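Asks: Supplied in structure tokens, the structure appears directly below.
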Amino acid sequence: MQWASDGQTWGGDAKTVNAFSIVNNSEQISIGSGIYNAVLGSTATDAEVLFSSSMSSYHNTNLGAVLH
């Protein structure tokens, strides 16, 4: 089971796909191709997303955060 730096459990593909790992308290995706999702947190009525990322490969890549 993988934990976020604030102690929450990652869900979605981040919980089951081997391409996800925790490195220096950050979720990392490597050695994979395709569409992945990582879910973190519980249901909220008032929320915002703070998103920070970096990529080392940009070929056919999309990266972003969604709050629904």
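None of the figures in this text is laboratory data; all of them are computed from the coordinates on show. Keep in mind it's a predicted model, so treat the numbers as computed, not measured.
Asks: Once amide H atoms are placed 1.01 Å from N in the peptide plane, what residues at a sequence separation of 5 or more from GLY12, or on another chain, have their amide H within under 5 Å of its amide H?
Replies: Those lying under 5 Å, H to H, from GLY12 are VAL39.
Asks: Considering the chain as a Gaussian network with a 10 Å cut-off on Cα pairs, which listed residue, SER53, SER42, SER30, attains the greatest mean-square fluctuation?
Replies: Result: SER42 has the largest fluctuation of those listed.
Asks: Residue by residue through segment 17-32, which ³J(HN,Hα) values in whole Hz follow from phi under the Karplus form 6.51 cos²θ - 1.76 cosθ + 1.60 (θ = phi - 60°), with glycine and proline marked x?
Replies: Karplus values, whole Hz, x for Gly and Pro: 9, 5, 5, 8, 8, 9, 10, 6, 6, 10, 6, 10, 10, 8, 6, x.
Asks: When the C-alpha atoms of the chain are aligned to their principal axes, what extent does each axis show, in angstrom, from largest down?
Replies: Principal extents (largest minus smallest coordinate, Cα): 36, 24, 20 Å.
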